[in-house]
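The values are calculated or read from the model by the stated rules, or taken from the named source; none is laboratory data. Everything quoted here is computed from the prediction, not taken from an experiment. Every residue, glycine as well, gets a Cβ built from its backbone with ideal geometry; the counts of neighbours run over all protein chains shown. Surface areas here come from the heavy atoms of the whole protein model, side chains and all, with no ligands, DNA or RNA. Shrake-Rupley method; radii C 1.70, N 1.55, O 1.52, S 1.80 Å.
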Amino acid sequence: MKEYIEVDEWKIIEQSFNPHHNKISESIFSLGNGRMGQRANFEEAYSGETLQGNYVAGVYYPDKTRVGWWKNGYPEYFAKVINAANWIGIDVLIDGEQLDLAKCEVKDFRRELNMQEGYLQRNFTAKTDNGKVVEVEATRFCSIADDEAGAIKYTITPLNFSGSLVITPFIDGDVVNQDSNYDEKFWDEVSKDIWANGGYVQMRTKKTGFEVATGMYINVLQDDAPISLRFQPVTKEKYVAAKIEVHVNKGQSTTLIKYVANLSSQNHEAKSLVGNLKEILTRISEKGFDTMLAEQAEAWAKKWQHNDIIIEGDVAAQQAIRFNIFQLNQTYTGEDDRLNIGPKGFTGEKYGGSTYWDTEAYCVPFYLATADQKVTRNLLLYRYKQLGKAIDNAKLLGFKNGAALYPMVTMDGTECHNEWEITFEEIHRNGAIAYAIFNYVRYTGDEDYLADYGLEVLIAIARFWSQRVSWSGEKQQYVMLGVTGPNEYENNINNNWYTNKQATWCMQYAMDVAEKVKAADPEKYAALVRRINFNEAEETARFKDIIAKMYFPYHEAEQVFLQQDGYMDKEQILVKDLPASERPINQKWSWDRILRSCYIKQADVLQGIYFFEDQFDLETIRRNFDFYEPRTVHESSLSPCVHAILAAKLGDEARAYEFYLRTSRLDLDNYNNDTEDGCHITSMAGTWMSVVEGFGGMRVKDGKLSFDPFLPGKWQSFSFNVGFRGTLLNIKVSRDGVQIKNLSGNETTVLIYDKEQVVRANDELLVEA
């Protein structure tokens, strides 16, 4: 764990330059706007350790799978959101010597991410080998108001000399992915050009054929006044630059403003990319940097009005929750149903930027409460539009009759995960897809979605489960063999409780929805039945038989749901008894040793209890929590939030708060020693869940929001906003009680500690503690 980030309510601050922290900081200080994003690489050259990263949403490459032993049904490739053109680059020569912080003496270094207004600023003083000292201030952002654009303001001031500066802003498309399976470059050049005030590079991805045009317009100022200069054009493969030489006096500031746009053929015709690029660059450069920055602040202010969480009494907790919300809003806006949320967002290459079940299990609750209903609907439509490929994926594995297995990892619906124990076995992901539909309808009341899209997905998933089970003659029950549950420290196990629970729930929910749709819209139901060849009587009879006869492992002595068959055969050494020197075990132990241990990577049985908590009494939840949590090493970023929510439900304030801090500061404090690969974006939604569903106790009961909150002892108060069926509520929990403000024009009824409270439009009430 590294705690070098300064604590501040609205800012992420790094006060000194430590090269060993650089890749971690590149992740933490990343920027994005839902359409594009980038790691916090330096604008000027840097020869030290770095992971270059600029990304354009939805643009990917199918990197051929690299395995030693090919198996039938194996994915042909791993889809990756690839490193795109480097648009931030500004080379600087100081009297012929390159500015490079890896080679300079660096003082007064400060990197600041302003989350309130959405920009990154960096200041430093550097002394070259020749003794020249310069002061630099660099400010940049990815615009929300113009979501295909960004801007940089880079100011350099000589402190102890007069002389020559050569400043070379560039666009460099000759980039690589560090995770390329075969060290392949993924881009081909289409065209490039240098203009009077900038230039562009247009490239095309190999195989997938996406085209992206990246261009820049530049202005130069000295002492804040524009100067007219000719620049020397520089071109090479996939690269354009404008070399500018200026004379500077001691103490005289020179500022380069670089306006940039990234346009993708996903959103523009390929033949129109360059023309449209010029139009956008002209528009944003005419606005000017200061106007763009003011628009950025205004756009972020609107976001924070809706989804800020305010914590009084704990600045570290306040900073952490805002950091998580900030990164989620940078990653996904919900405007485009072709896009989804990669586990690392725009902050790194790991996991390929592809879609996992994390979206449905963790991100959906956040967007349901903090964004317009269409945002979550678009996440569901993303999966609906990929149903055909989910059916094709199941066919590859031998399933029939329209059964669907959604991919573990995907960009376009095709399975592209390249580890067999995940690809073939971690089938519980299907349950998360179905649960997201349930969660969306329960929260929004949008039952039209079920008839239009949801039921078709649910039946396809139910068909998969009905074929995936086996009948055990010995047990005289249905069993589920050869699976991996959410705990990926177990592979090829039998009867994972969570997977079996998901299977039966999915089949029951599919039948319930079918009855609802048939009653509400018989014609639409009949048309769907014909189209997907659904034999209602025969198939539902099988669903019911499986539900009635499914085997669920249970340990009588401990009175807990058993994670899987044979789990108690493992040596039961608790995590607290592991030497600190042996953790994290995924970095210190062999895989063989991990698989033979009782240790749990993330919530498994407890994930099922979280999803279906209404089915269990408090003592059942407590027994399972007290049994499994001490065996959980929390080496997945998705683990602490579920434990925080369940601990809060159980009234265990100490553990709830411990898990909240762990999930909220996972990246800021580099808990798992892996932040350099990128931030854990999807688990950040779990941080929000920890506050709102954990400490706030928010649930949906009978079509109403319900709150059962408690105030952590270290906090004076906390408050959050939630949107629900046309109302916007502000909930504040303090030592005085629970204050509810209705910020909308609609009256609403909520439950506070299970008692109904009517909150009139634009009014508020206090439920005293």
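Look at the range 335-353 and say how many of its residues are in contact (Cβ under 8 Å) with a residue 60 or more places away in the chain and either within 10 Å of the chain's Cα centre (by Cα) or closer than 20 Å to Lys374 by Cα (or both).
12
Touching a residue at least 60 places away in the same chain (Cβ under 8 Å) and open to solvent by 10 Å² or more (accessible area, probe 1.4 Å): is that true of Val364 in this structure?
So Val364 fails the test.
Residue-by-condition table, conditions (1) touching a Pro at 6+ places or on another chain (Cβ under 9 Å); (2) touching a residue at least 60 places away in the same chain (Cβ under 8 Å):
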{"residue": "Phe611", "(1), (2)": "no, yes"}
{"residue": "Thr632", "(1), (2)": "no, no"}
{"residue": "Ala647", "(1), (2)": "no, no"}
{"residue": "Ala656", "(1), (2)": "yes, no"}
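Regarding the range 51-59, can at least one residue be identified that is under 17 Å from Asn114 (Cα atoms), open to solvent by less than 10 Å² (accessible area, probe 1.4 Å) and touching a residue at least 60 places away in the same chain (Cβ under 8 Å)?
Scanning the range 51-59, I find no residue that is under 17 Å from Asn114 (Cα atoms), open to solvent by less than 10 Å² (accessible area, probe 1.4 Å) and touching a residue at least 60 places away in the same chain (Cβ under 8 Å), so the answer is no.
Could you grab me the full set of residues in the range 701-722 that are under 25 Å from Phe612 (Cβ atoms) and in contact (Cβ under 8 Å) with a residue 24 or more places away in the chain?
Lys701, Gly703, Lys704, Leu705, Ser706, Phe707, Asp708, Pro709, Phe710, Phe720, Val722
For the range 62-77, indicate whether the set of residues that are closer than 23 Å to Tyr351 by Cα and surrounded by 22 or more Cβ atoms within 10 Å (Cβ to Cβ) is non-empty.
yes
Taking the stated definitions as given, is Glu456 surrounded by 24 or more Cβ atoms within 10 Å (Cβ to Cβ), in contact (Cβ under 8 Å) with a residue 40 or more places away in the chain and among the charged types (D, E, K, R)?
No, not satisfied.
If I ask for residues that are surrounded by fewer than 20 Cβ atoms within 10 Å (Cβ to Cβ) and in contact with a Lys or Arg (Cβ under 9 Å, 6 or more places away or on another chain), which ones from the range 748-758 would you list?
Thr749, Leu751, Asp754, Glu756
Write out, first by first residue and then by second, each pair whose Cβ atoms fall under 6 Å of each other, whose residues are 6+ apart or on separate chains, and whose first residue, in the range 751-765, is touching a residue at least 60 places away in the same chain (Cβ under 8 Å) and assigned to a strand (DSSP E or B) while the second is among the basic types (Lys, Arg) and surrounded by 11 or more Cβ atoms within 10 Å (Cβ to Cβ).
Within 6 Å, no pair qualifies.
Could you please find all residues in the range 145-194 being of a type in the set (Val, Ile, Thr), open to solvent by less than 40 Å² (accessible area, probe 1.4 Å) and either part of a loop (DSSP other than H, G, I, E, B) or in contact with an Asp or Glu (Cβ under 7 Å, 6 or more places away or on another chain) (or both)?
Ile152, Thr155, Thr157, Val166, Thr168, Val175
Under the condition of being free of Cβ contacts under 8 Å to residues at least 24 places away in the same chain and surrounded by fewer than 18 Cβ atoms within 10 Å (Cβ to Cβ), which residue from the range 378-397 is farthest from Phe210 (Cα to Cα)?
Lys395
May I ask you to verify whether Val722 is closer than 18 Å to Gln373 by Cα, modelled with pLDDT of 95 or more, open to solvent by less than 80 Å² (accessible area, probe 1.4 Å) and hydrophobic (A, V, I, L, M, F, W, C)?
Yes: the conditions hold for Val722.
What do you reckon, is Gly745 open to solvent by 10 Å² or more (accessible area, probe 1.4 Å), within 29 Å of Glu635 (Cβ to Cβ) and more than 29 Å from the chain's Cα centre (by Cα)?
Considered against the rule, which asks whether it is open to solvent by 10 Å² or more (accessible area, probe 1.4 Å), within 29 Å of Glu635 (Cβ to Cβ) and more than 29 Å from the chain's Cα centre (by Cα), Gly745 comes out as no.
Can you give me the ranges of the helices (runs of 4 or more DSSP H) entirely in the range 625-709 with at least 1 residues that are closer than 30 Å to Glu14 by Cβ and open to solvent by 20 Å² or more (accessible area, probe 1.4 Å)?
Result: 653-664.
Give all pairs with beta carbons closer than 9 Å in which a residue from the range 572-587 that is surrounded by 15 or more Cβ atoms within 10 Å (Cβ to Cβ) and among the basic types (Lys, Arg) meets a residue that is assigned to a loop (DSSP other than H, G, I, E, B) and modelled with pLDDT under 95; count only pairs at least 6 apart in sequence or on separate chains.
Hits for this filter: Arg583/Glu635.
Is it true that Gly48 is in a loop (DSSP other than H, G, I, E, B), open to solvent by less than 40 Å² (accessible area, probe 1.4 Å), closer than 28 Å to Ile257 by Cα and in contact with a Pro (Cβ under 6 Å, 6 or more places away or on another chain)?
When the stated conditions are applied, Gly48 passes them.
Looking at Asp183, Asp147 in this structure, which one is without any contact (Cβ under 8 Å) to a residue 24 or more places away in the chain and under 34 Å from the mean Cα position of the chain (by Cα)?
The unique qualifying residue is Asp183.
Taking the condition of being more than 26 Å from Gly353 (Cα to Cα) and touching a helix residue (DSSP H, G or I) at 6+ places or on another chain (Cβ under 8 Å), how many residues in the range 12-51 meet it?
1
Specify which of the listed residues (Ala261, Ala316, Ala320) is closer than 22 Å to Leu661 by Cβ and touching a Leu at 6+ places or on another chain (Cβ under 7 Å).
When all the criteria are applied, what remains is Ala320.
Say whether the condition of being farther than 19 Å from Leu101 by Cβ, polar (S, T, N, Q), assigned to a strand (DSSP E or B) and open to solvent by less than 30 Å² (accessible area, probe 1.4 Å) is met by at least one residue in the range 13-36.
no
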